[in-house]
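Read the structure below first, then the notes.
The values are calculated or read from the model by the stated rules, or taken from the named source; none is laboratory data. In this text the structure is predicted, and so the values were computed from the model without any measurement. Cβ atoms come from the backbone with ideal geometry, glycine included; neighbour counts cover every protein chain shown.
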Amino acid sequence: MADFADPGFVVGGRSFTSRLLVGTGKYRSNAEMTAALAASGAEVVTVAVRRVDLDRAHEEGILHHLDPARWFLLANTAGCYTADEAVRYARLGREAGFNEFVKLEVIGDQQTLLPDTDGLLVATRTLAKEGFKVMAYTNDDLITALRLEEAGAVAVMPLASPIGSGLGLLNPYSIRTIKSRLTVPVIVDAGVGTASDACLTMEQGVDGILMNTALAAARDPATMAWAMRRAVEAGRAAYLAGRMPAREVAVPSSPVRGMLD
Amino acid sequence: MTGQLTVVVNGEQRRFSAPATLQTLLTELTLDPRTVVVEHERRIVRRVDLAGTAVAEGDHVEIVHFVGGG
């Protein structure tokens, strides 16, 4: 057969070919970040909105290293703990002028960075009414995922495990359930640690994965990005190919007939 | 007549030349308006309106940009 060709997926009316979305935080240097981004093959890269440091005003913002013509910049509301705060950050991000998409985070707890799902729903409704295309970071709870879709989210982004933990996919069953019940794309966000995590996640049938720390904190981010790109592609292909059923008994692969006496 | 006024920018009190607009604040801070977003008294001000927005003593201004994030 020809090479596996993935047509990609559509979020909020925009189509993307790469199912790997990447963050831009925590890299040891801008050079390491740009090398990793290029190796990842990603189209969507996330950025955060923060105060300009007035006393080092000549220090460059991230846009000095990311060409908005090459990357689809997805502003996030990371660090926001209330719906109001997240809405304020989303508006600032949109005003920066690239698109109406926002990766919405409303965090409920500093230690786990787990989402405040009440705040998330309130902010999603507000932003959807204002014309935002909300991609909502949430936990792996089906009911919240369904409510986010109903509230107008264009994508639901359940975690594999807590942000920055690298623990991998803790609950494949709930991710699969969410994917099977939602109409909007499901993009797993957070928790992936290495390539096998990404592959296993994609094998659940989700539309994509967003990761940051798994690349930024790897010893060699560009090489990890290379691996992640292929893991995501392999996981997607394996999902589409349809895996064999798992059995707890052995079944011979060679014929049992025709053996010598 | 010109003087000075105090504006709270990104949580810090700072002195600027008066009369001031959001545009003159950015100029004094040597910031390029194309690389930042400005919020004045909790209201986002579009780039085209920066020069026409007067800043008064004690006003709160936030100046943000994009940084690395996940």
Report summary line: Taking the stretch A:11-35 and the residues there that are under 16 Å from the mean Cα position of the chain (by Cα) and farther than 23 Å from A:Ala96 by Cα, the one that is surrounded by the fewest Cβ atoms within 10 Å (Cβ to Cβ) would be A:Thr17
Query raised in the report: In this structure, does A:Thr77 turn out to be in contact with a helix residue (DSSP H, G or I) (Cβ under 6 Å, 6 or more places away or on another chain) and within 11 Å of chain B (Cβ to nearest Cβ)?
Result: yes
Report task. Would you please name the residue that is nearest to A:Val87 (Cα to Cα), looking only at residues in the stretch A:57-72 that are crowded, with 16+ Cβ neighbours inside 10 Å and more than 11 Å from every other protein chain (Cβ to nearest Cβ)? Result -> A:Phe72
Query raised in the report: Counting only residues that are free of Cβ contacts under 8 Å to residues at least 40 places away in the same chain and either in a loop (DSSP other than H, G, I, E, B) or within 14 Å of another protein chain (Cβ to nearest Cβ) (or both), how many does the stretch A:196-217 have?
Result: 3
Report task. Read through the list (1) aliphatic (A, V, I, L, M); (2) part of a strand (DSSP E or B); (3) away from chain A (no Cβ under 11 Å), then give the number of the only condition that B:Val48 fails. Result -> (2)
**Report entry** Some residue of the stretch A:238-255 being surrounded by 15 or more Cβ atoms within 10 Å (Cβ to Cβ) and more than 15 Å from the chain's Cα centre (by Cα)
**Finding:** yes
Query raised in the report: Is the stretch A:37-50 home to any residue that is under 14 Å from the mean Cα position of the chain (by Cα) and facing chain B (nearest Cβ under 9 Å)?
Result: yes
Report task. For A:Leu54, indicate whether it is on the phi < 0 side of the Ramachandran plot, at pLDDT 95 or above and within 11 Å of chain B (Cβ to nearest Cβ). Result -> no
Query raised in the report: If you scan the stretch A:163-195, which residues turn out to be away from chain B (no Cβ under 14 Å), among the aliphatic types (A, V, I, L, M) and not in a helix (DSSP H, G or I)?
Result: A:Leu167, A:Leu169, A:Leu170, A:Leu182, A:Val184, A:Val186
